[in-house]
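Visitor: Dropping a structure here in C-alpha cells format, bear with me for questions.
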Amino acid sequence: MKNPIERGGVGASVRKKDSMQLLTGKPVYLDDLPEPAGCLTVKLLRSPHANALIREIDVTAAISLPGVAAVYTYLDVPSERYTEAGQTYPETSPHDRLILDRHLRHVGDPVAIVAAENEEAAEKALAAIRVTYDPLPAVLDFRTAKDNPALVHPEEDWHSLCPFTGGDPKRNLCASGEEGEGDVDAVLASCDLVIEHPYHVKAVNQVPFETFRTMTELDAYGRLRVVSSTQIVFHVRRIIAHALGIPKSAVRVEKPRIGGGFGAKQTAVSEVYPAFVTWKTGRPAKLVYTRKESLEAGSPRHEMEITVCLGAMNDGTIRAIDLYSLSNTGAYGEHGWATVGLTAHKSIPLYTSSVEAFRFTYDVVYTNVQSSGAYRGFGATQGIFAVESAVNELASRLGMDPLEIRLKNCVKEGQTMPAYYNEPASSCNLTGCLTECAEKFGWKEKYPVRVMPDGKIRSAGMAMAMQGSGISGIDVGSATVKLEDDGGYTLLIGAADMGTGCDTILAQMLADAMECPLEKIAVRGADTDLSPYDSGSYASSTTFVTGKAVVLAADELKGKMRKIAAKLLKADEETLLFEDNTFFTADRTASVTAAALANASMDGNDVPVEATATNSHPFSPPPFMVGMVETETDPGTGSVKILDYQAVVDCGTVINPALARVQAEGGIVQGIGMTLFEDIHYGKDGKLAENSLMQYKIPTRLDIGRLHVDFAPSYEEAGPYGAKSIGEIVINTPAPAIAHAVYRATGQWFRTLPITPDKVALGMGEDE
C-alpha cells in the first residue's frame, strides 16, 4: 500500500488543485466568464442621506435615454420583507428589508435599479433620476440607539422567524438576551481583585480583492440562473426566491472561483438586484460593485463595545467573568443575533478550568450606518480581544507571567465547557500550544521590556483563542462521490472554495479513503442543481462537517463497488480486500481494479457506482491557538512595528500543512490590520470617510514582520481523520497580543481599536 502522503492524501502539502490555472491567468473568476448575449449592465442609485423618506422620484428622463432598458423604484418591487443573511433556515436574522424601500436607512441604501445596454448608458441614467427626499433624524452613535426616539425600523411588517432572539424594532433592538451559570455577583464579591473595562472594536471591512458581483439569465427552461461570487449557493437560492416571490425550484445558483470572501460573501449583498432585472425583463443582467460600493454598502464586521468584569484571586485563579456586549448591526439585522453570541461563547470557555460563574448579556442595536454582517472570527474576534486583554491586565496587576496565568486557568481536554453550550473539550491541546509557542518564540527572553540604543522600545505580548468547527446541531455538509471510467472519482460538493483550498483538502480526504492518487480526483462545486445540499462555507465548517461527509460517501461507494467486485471475482464480498484502488480476493490470486470495475458496471449492472452522504454533528469541537508577538514602539512618533509573530495552532489532524499554514498567516495579517491600521469614521451626515483603499489602510507585506506558524495537533474522534477547523481562529489572537505588547512598551492600555500612532504618541490609551 502506498503512503497517503506519497499519493497526495491526508498530511501532504500538495498545491491547490486550481493553482496552475490561477498562476497562468486562466479565466476562472466571474468577470472572466463570457457574458450571455444581450446582457444588461445593472447599476444602483444610492441614498445620500443616513435616514430619509422618498417624497417623489421621477425616472422619466432616465428611462428615455438611449441604451436604457429599465429603471425600477420601490413602487415596482415585491412588498415581502426578507434578510440577506446566509444562514440555515429559519434564519435568526429578522426579515427587515425590501429589494427597494421608500424608507432609506443609511448612506448608500439603494434608491433605484438601472438596467442598460452598457455602463455608460447606465451611469447617465443614474444621473438623470430625480429624487426629492424628506430627511429624518439619524441614529449614528450605537451607544445611544437603544430606546432612542428616532426609530430605524418603524414599519409594522418587521418580523422574525426566531422570536427567541429578543428583537424589538420599537426599541431599535435587533436582538437582546441574557444567559449564564452560577452566582456571578457573589463570586465577584469574594474575589481579591476585580478588573472591569469596556473594549471597543470598530467595524472593519473584509476587503476581498474581488468585489461583490453577480450575473443572471433565464435558462432554456425559463428558470433563473444565478452565477455569483458567493460562499452560500443554497442560501442565495432561498433568499432570491423569497425576495422575488417565486419558487425555489425556479432558481439555480452557481459559484465560479471566488476572489476572497472572509465572510463578506456569506451575505447576499449583490444577488437580488440583477436577479430582479432578469426576472422582470427576461434578459441576462450583470452587477459588479465598485470598491467604493463594497466599502460603503457591503457587509463589514459588527462594531462592538464589550464590557468585561473579571474576578480573580491573588494567586491568579480566575473565578468569574461577567460580559456585556453591545453590538451595532447597522441599518439591517444580518447576522446580528448569531454574531453577538460568539463574543462570550468563544472567550469565556477558554478559562473553564477555574471559572465558577459567568454571566453574558447583550444588546444588538439598529443604527443608520451600513448593515454589518459576517467576517472571519464572527464575533469571537471582538470577545477574545476584550477577555484576553483583561487577563493580560490581571497578570500585570498581580505581577505574574501571563503565560503562567493561562496555564493555570485554561481549559483542558475532557472538561465540559458550560459557557460553550455545555459541550465537551473532546480534543484540546491548548497547554501544548502555550508551552510550544513560548519555547519557539523565546518568551522568557522577549517578554522583558528592552530599550534599544536608538530609543525605540521592544516588548512582547500574548493571547490565546478558540473558535468552533461548524455550528453544532445545525450545519449540514454533503458530498457525492462518483466512480469514473478510468478508475478515478468525481467529487461533487456544495461548499465554496473561496481561496481556502477546501476543494483540495476534501479531494485529499477522498484520495485517502479510495487509496488512489490525488490527480485521479476531480472536484465540482458549488451548484444548487448538481451539488448535494450544504450549508455553505462559513462558521469554520467545511473541513469538519463536509469533510466527514466525504469520508462517509467514500465508505458507502466502496460498499457498492465491493458488491460488483464480488460478482466479477466470484468471491464472497466480505472476504475481499481493498488496497490501492483495487479489490483483491483473500488469497490475492485475483483482483479487479477500480477502472475495470467501472467499465463492468456499464453492462448488466444494477448497483449504482456513486454515493451521497450527509453529515451534521451535535457538537462543534473547538480548535485552539496561541499567539505571541514582539513589537518595536517609537515613543516619539507612536509607530508600532511588528517584528516577530509566533503562532501555534491545535486544529486536530492537519490535512494539508502548507494550506493550513497559509490560512493561519492570512488570518494573522488580517488581525494585525484591524489592530494597527484599519479605521473608519462616519461624519455627522452619516457618510463614511474611508470609502477607498487610499483612505482605508490594509497592511502590506512590509507591515507584518516575520510570521511563524506551527501546529500542536490533537485528535478529534468525530472529525475526518481526526481533523477540526482552522479557517477563523487564526484572526483572533493579534489584537489582544499586540495591545498587550504596546502596554508593556508605553504603560498605557489601549482598549479601542485600531491602535494608531497618534494615539500612542499622545498617550490616548487608558484615559481615552
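The values are calculated or read from the model by the stated rules, or taken from the named source; none is laboratory data. What you are looking at is a predicted structure, and each value in this text was computed from that prediction instead of being measured. Cβ placement follows ideal geometry from the backbone for every residue including glycine, while neighbour counts extend to all protein chains displayed. Please note that ligands, DNA and RNA were not included when accessible areas were found on the heavy atoms of the full protein model with its side chains. Shrake-Rupley method; radii C 1.70, N 1.55, O 1.52, S 1.80 Å.
Visitor: Roughly what would the spin-label model give for Tyr533 and Asp185, points 7 Å off Cα along C-beta, in nm?
Guide: Taking the two extended label points, one gets 4.6 nm.
Visitor: Can you give the accessible area per residue of the chain, in Å², using a 1.4 Å probe?
Guide: 35
Visitor: Going 7 Å from the Cα of Asp141 toward and past its Cβ, which residues in the range 675-691 have a backbone nitrogen under 20 Å from where you end up?
Guide: 680-689
Visitor: May I pose another question? Plugging the Kirkwood radius over Cα pairs into Stokes-Einstein for the range 503-629, at a temperature of 10 °C and a viscosity of 1.306 mPa s, what D comes out in µm²/s?
Guide: Calculated translational D: 96 µm²/s.
Visitor: Order of 449-455, 495-501 by packing, highest average Cβ count within 10 Å first?
Guide: Result, highest mean Cβ count within 10 Å first: 495-501, 449-455.
Visitor: So if we plug the beta-carbon distance of His681 and Asp572 into 1/(1 + (r/R0)^6) with R0 = 56 Å, what FRET efficiency do we get, rounded to 0.05?
Guide: So the FRET efficiency works out to roughly 0.15.
Visitor: Between Asp485 and Arg171, what is the label-to-label distance in nm when each label sits 7 Å out along the Cα-to-Cβ direction?
Guide: That separation, rounded to one decimal, is 6.6 nm.
Visitor: Can you order the peptides 307-314, 32-39, 344-351, 522-529 by their average number of other Cβ atoms within 10 Å per residue, highest first?
Guide: The packing order, highest mean first, is 344-351, 307-314, 522-529, 32-39.
Visitor: Can you order the peptides 353-366, 164-177, 735-748 by their average number of other Cβ atoms within 10 Å per residue, highest first?
Guide: With the highest mean Cβ count within 10 Å placed first, the list reads 735-748, 353-366, 164-177.
Visitor: In addition: On the protein heavy atoms, probe 1.4 angstrom, tell me the percent of accessible surface of the range 13-167 carried by carbon and sulfur.
Guide: Roughly 54 percent of what the probe reaches on the range 13-167 is carbon or sulfur.
Visitor: When the accessible area of the range 207-296 is computed with all protein chains present and a 1.4 Å probe, what percentage of it is carbon and sulfur?
Guide: 55
Visitor: Between Gln695 and His197, what is 0.36 nm times their sequence separation minus the Cα-Cα distance? Round to one decimal in nm.
Guide: Gain in length upon complete extension: 176.3 nm.
Visitor: Out of every Cα pair in the chain, what percent are spaced more than 49 Å from each other?
Guide: Summing the P(r) tail past 49 Å for the chain gives 19 percent.
Visitor: Then there is this: Beyond 25 Å between alpha-carbons counts as too far, so tell me which of Lys346/Lys412; Lys292/Lys346; Lys124/Lys286; Lys26/Lys548 fall in that bin.
Guide: In this structure, Lys292/Lys346; Lys26/Lys548 lie more than 25 Å apart at Cα.
Visitor: Another one. If you stretched the chain out fully between Val662 and Glu519, how much longer would it get, using 0.36 nm times the residue separation minus the C-alpha to C-alpha distance?
Guide: 49.3 nm
Visitor: Across every pair of different alpha-carbon atoms, what Kirkwood hydrodynamic radius in Å does the range 207-296 reach?
Guide: Here the Kirkwood hydrodynamic radius works out to 13.0 Å.
Visitor: Considering only protein heavy atoms and a 1.4 Å probe, what is the carbon-and-sulfur percentage of the accessible area of the range 533-642?
Guide: 52
Visitor: Convert 4 °C to kelvin, take the viscosity as 1.567 mPa s, use the Kirkwood radius over C-alpha pairs of the range 327-445 as Rh, and evaluate the Stokes-Einstein diffusion coefficient in µm²/s, rounded to a whole number.
Guide: Translational diffusion coefficient: 81 µm²/s.
Visitor: Starting from the Cα of Lys641, draw a straight line to each of the lysines and keep only those under 18 Å, dropping any in the same chain fewer than 8 residues away.
Guide: Here the lysines satisfying the reach criterion relative to Lys641 are Lys446, Lys456, Lys697, Lys759.
Visitor: Next up: With charges set only on the Cβ (+1 for Lys and Arg, -1 for Asp and Glu), what does the dipole of the chain come to about its Cα centre, in debye to the nearest 20?
Guide: The calculation lands at about 1120 debye.
Visitor: Determine the sum of side-chain charges near Gly461: Lys and Arg each +1, Asp and Glu each -1, restricted to other residues whose C-beta is under 11 angstrom from that of Gly461.
Guide: Charge balance near Gly461 sits at 0.
Visitor: Another question, if that's okay. Within the range 467-482, list the residues whose amide N lies under 18 Å from a label point set 7 Å along Cα→Cβ of Cys162.
Guide: It comes to 468-477, nothing else.
Visitor: Sum -39500 (n - 2.57) across every DSSP H segment of at least 4 residues in the chain, then divide by the residue count to get the 222 nm mean residue ellipticity, nearest 500.
Guide: Rounded to the nearest 500, it is -7000 deg cm²/dmol.
Visitor: When the Kirkwood radius is taken over all Cα pairs of the range 46-114, what Stokes-Einstein diffusion coefficient follows at 10 °C and 1.306 mPa s, in µm²/s?
Guide: Value of D from the Cα-based Kirkwood radius: 117 µm²/s.
Visitor: Students often get this wrong: which residues of the range 511-547 have the backbone nitrogen under 18 Å from the point 7 angstrom along Cα-to-C-beta of Met20?
Guide: It comes to 517-524, nothing else.
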